[in-house]
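*Asks:* Sharing a structure below in structure tokens format, with a few things to ask.
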Amino acid sequence: VLRNQRKIVGMDRVREMASKKAAVIFTKSSCFMCHSIKTLFYELGASPAIHEIDQDREIEWALRGLGCNPSVPAVFIGGKFVGSAKDVISLHVDGSLRQMLIDARAIWL
């Protein structure tokens, strides 16, 4: 029961953190794909909020509970979960990532 309560609290924290800025990325400092996704966002002109979760197991469990597997990078745009590195790269390749960032006002033309 306690673990489920912590998971719910963690999910609430994730949702709150994800809604504070137009683009939010949960990362770990040792994750190469996290670095790549952050770089992609910067190159597109976005300044995402970056939350390093190296020492935060509660947030990591919550991200997994939201469907993030692996747990990082977990990308939110406009407060909505977009996906992990594979999903973000696919959106970038098909051209929709940029439009999502524009629509969320994470980047300006």
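The values are calculated or read from the model by the stated rules, or taken from the named source; none is laboratory data. Since the structure is predicted, the reported quantities are computational estimates derived from the model, not experimental observations. Here Cβ is always computed from backbone atoms with ideal geometry, including for glycine, and neighbour counts include all displayed protein chains.
*Asks:* Under 8 Å by Cβ, and 6 or more places apart or on different chains, what pairs join a residue from the range 60-72 that is closer than 14 Å to LYS86 by Cβ and modelled with pLDDT of 90 or more with one that is buried (at least 16 other Cβ atoms within 10 Å of the Cβ) and of a type in the set (S, T, N, Q)?
*Replies:* Hits for this filter: VAL72/THR27; VAL72/SER84.
*Asks:* Yes or no: the range 77-89 includes at least one residue that is more than 13 Å from the chain's Cα centre (by Cα) and either modelled with pLDDT under 95 or among the aromatic types (Phe, Trp, Tyr) (or both).
*Replies:* Checked against the condition, which is being more than 13 Å from the chain's Cα centre (by Cα) and either modelled with pLDDT under 95 or among the aromatic types (Phe, Trp, Tyr) (or both), the range 77-89 yields no hits at all.
*Asks:* Being of a type in the set (A, V, I, L, M) and more than 18 Å from ILE102 (Cβ to Cβ) is the filter; apply it to the range 8-36 and report the residue that is surrounded by the most Cβ atoms within 10 Å (Cβ to Cβ). Step through it out loud before you land on a result.
*Replies:* First, the residues of the range 8-36 that are of a type in the set (A, V, I, L, M): 8-9, 11, 14, 17-18, 22-25, 33.
From the residues that got through so far, the ones that are more than 18 Å from ILE102 (Cβ to Cβ) too are 8-9, 11, 14, 17-18, 33.
Details: ILE8: 12, VAL9: 12, MET11: 17, VAL14: 26, MET17: 15, ALA18: 23, MET33: 17.
Here the residue is VAL14.
*Asks:* Can you find even one residue in the range 59-69 that is buried (at least 17 other Cβ atoms within 10 Å of the Cβ), acidic (Asp, Glu) and at negative phi?
*Replies:* Checking the range 59-69: at least one residue is buried (at least 17 other Cβ atoms within 10 Å of the Cβ), acidic (Asp, Glu) and at negative phi.
*Asks:* Moving on. Cβ contacts < 6 Å: first residue within 16 Å of ILE37 (Cβ to Cβ), restricted to the range 90-109; second residue in a loop (DSSP other than H, G, I, E, B) and of a type in the set (Val, Ile, Thr), any location; separation 6+ or different chain. Result?
*Replies:* LEU101/ILE107
*Asks:* Cβ-Cβ below 7 Å, separation at least six or inter-chain, first residue in the range 9-30 and over 13 Å from GLU58 (Cβ atoms) and touching a residue at least 12 places away in the same chain (Cβ under 8 Å), second acidic (Asp, Glu) and surrounded by fewer than 17 Cβ atoms within 10 Å (Cβ to Cβ): which pairs?
*Replies:* THR27/GLU52; LYS28/GLU52; LYS28/ASP54; SER29/GLU52; SER29/ASP54
*Asks:* I would also like to ask the following. Do we have GLU52 as charged (D, E, K, R), buried (at least 17 other Cβ atoms within 10 Å of the Cβ) and more than 9 Å from the chain's Cα centre (by Cα) here?
*Replies:* no
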